[in-house]
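Reviewing the structure listed below.
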Amino acid sequence: MTRAWVLHPDIKAPGTRRAADLALEEAVSLALALPDLEVVGATVVPLRDPHPGHLFGTGKISELKTLLEDNEIELVLVDGPVTPVQQRNLEKEWKVKLLDRTGLILEIFSDRAATREGVLQVEMAHLSYQRTRLVRAWTHLERQRGGLGFVGGPGETQIEADRRAIDEQLVRLRRQLDKVVKTRELHRKARAKVPYPIVALVGYTNAGKSTLFNRLTGAEVMAKDMLFATLDPTMRAVQLPTGADVILSDTVGFISDLPTELVAAFRATLEEVLAADVIVHVRDISHPETEAQARDVRTILDGLGVNEETPQLELWNKIDKLDDEAQEVLATRAARDDTVFATSAITGAGLDAFLEAVTYALGEERRQDDLRLSFSMGRQRAWLFEKGLVETETQDEDGYLLSVNWSARDRARFESL
């Protein structure tokens with residue numbers, strides 16, 4: 001086990017909204033998500049102006065050095081961005097290995113990615129991160145999947161050689177990834193032919209998405225009180241109260257200050273969100289910073305380019321953690337908005353109303369229509385029969401007369417042919 005200490009630099013910059021103690025708590029949770037770490041302690045470090053070369057001031061560096069030596073710390077986790085120069089200087093001063101927030105999240109991603117695509121994308125993100133830090137660098141490419149050992153820095157010539165090696169490795173990984181993505185695209189097209197609507201669960205990490213997924217599908221997805229418990233898309237069929245089948249997709253949890261390269265690295269799991277017919281934003285309504293977390297999720301969804309017309313529902317999860325009075329207040333607030341539901345994935349409270357809303361949002365109500373197709377529209381006619389939408393058909397000299405029973409979704413797909 002590697003003995004680690006977590007530091008949260010509390011920079012009082014304009015627009016800072018997160019409470020330092022809660023940010024530190026989240027950083028510790030991130031660290032605990034790595035199985036080989038023993039988090040010995042954690043400290044909030046007030047910081048007015050970050051030092052360009054050392055992040056902290058001389059006095060604070062000396063004070064922290066004593067703290068780290070007394071506790072025999074091998075790894076320091078800084079909850080925030082650390083430049084390569086700052087990282088090199090702090091490691092030299094403290095004689096420990098140091099990871100910033102991005103590096104820590106990458107280590108977790110490396111440990112959790114399960115599918116071939118997830119592994120490839122983590123490796124690419126990790127290599128891109130390493131490339132920017134060759135000023136103090138990792139020894140070579142043996143660190144591309146993680147590892148927490150102390151390493152030294154190579155000379156300038158070695159830096160150039162490492163950079164070239166990383167670029168070549170990135171090219172190889174992109175080629176492999178292209179093949180995997182094509183395979184996923186074939187699977188997606190196969191699903192589109194079913195065609196089941198996709199309902200994507202999104203939310204801040206540890207909001208309870210996987211617990212909800214397991215309750216609705218009976219699946220055994222990893223659902224622990226741990227950040228980033230889910231890192232690869234998991235999809236299962238679920239039958240709604242109306243009898244309609246949908247595909248439920250569980251996705252990686254979002255987190256504040258998630259670097260854009262990491263969002264890109266997990267495009268695989270987020271692609272399902274872009275393709276979703278309904279997006280369900282699962283919130284841990286019992287968390288003290290639930291509003292800030294919700295804003296972070298909405299910001300990332302906007303950044304992904306989610307279609308504004310895609311229906312979105314909000315699930316206020318974990319009401320079982322609140323007292324009766326708080327639950328009543330939330331239920332009253334949720335009742336004022338037909339897209340918000342106060343629920344508990346643990347007890348099942350409120351889920352029936354939520355599932356009815358999903359049915360409504362999908363617009364699966366069916367209607368009877370009469371269609372006329374010319375003889376040249378054989379492809380469209382075949383599609384209607386393939387989907388089982390045709391009730392009756394007659395033929396005259398101008399083409400086909402069909403009576404179809406379909407949903408608005410079916411009609412939209414037909415018109416796009």
> What ranking, highest mean first, results for peptides 312-320, 123-131, 399-407 when packing means the other Cβ atoms within 10 Å averaged over each residue?
Replying inline: 312-320, 123-131, 399-407
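Using a 10 Å cut-off on Cβ atoms, rank the peptides 99-111, 281-293, 33-45 from the highest mean neighbour count down.
Output ranking for 99-111, 281-293, 33-45: 99-111, 281-293, 33-45.
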> Using the 10 angstrom Cβ neighbour count as an exposure proxy, how do 254, 354 rank, fewest first?
Replying inline: 354, 254
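Could you pull out the pairs from 12/60; 97/209; 60/97 whose alpha carbons sit more than 26 Å apart here?
From 12/60; 97/209; 60/97, over 26 Å: 97/209.
Near residue 6, within a Cβ-to-Cβ distance under 11 Å, what is the net charge of the other residues, with Lys and Arg +1 and Asp and Glu -1?
Summing Lys and Arg as +1 and Asp and Glu as -1 gives -2.
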>> Test of the criteria: in the stretch 60-95, which GluC sites (Glu not before Pro) are in a DSSP loop and have at most 12 other Cβ atoms within 10 angstrom of their Cβ?
In response: 72
>> I'd like the per residue volume of the convex hull spanned by the Cα atoms of the stretch 65-116, given in cubic angstrom.
In response: 91 Å³
> What does the highest-first list of 21-31, 323-333 look like by mean Cβ count within 10 Å?
Replying inline: 21-31, 323-333
> Tally Lys and Arg at +1 and Asp and Glu at -1 over the other residues with C-beta under 11 Å from the C-beta of residue 294: what net charge comes out?
Replying inline: -2
> If you stretched the chain out fully between residue 392 and residue 239, how much longer would it get, using 0.36 nm times the residue separation minus the C-alpha to C-alpha distance?
Replying inline: 52.3 nm
>> What's the whole-number percent of alpha carbon pairs in the stretch 2-107 lying beyond 16 angstrom?
In response: 54 percent
>> Quick check: the distance between the Cα centres of the stretch 296-317 and the stretch 33-78, to the nearest angstrom?
In response: 36 Å
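Net charge within 12 Å of residue 172 by Cβ-Cβ distance, Lys/Arg positive one each and Asp/Glu negative one each, not counting residue 172 itself?
Value of the local net charge: -1.
Every number in this text was worked out from the coordinates using simple rules, so none of it is lab data. Here the structure is a predicted model, which means the values were calculated and not measured. Glycine also receives a Cβ, built like all others from the backbone with ideal geometry; neighbour counts cover every protein chain displayed.
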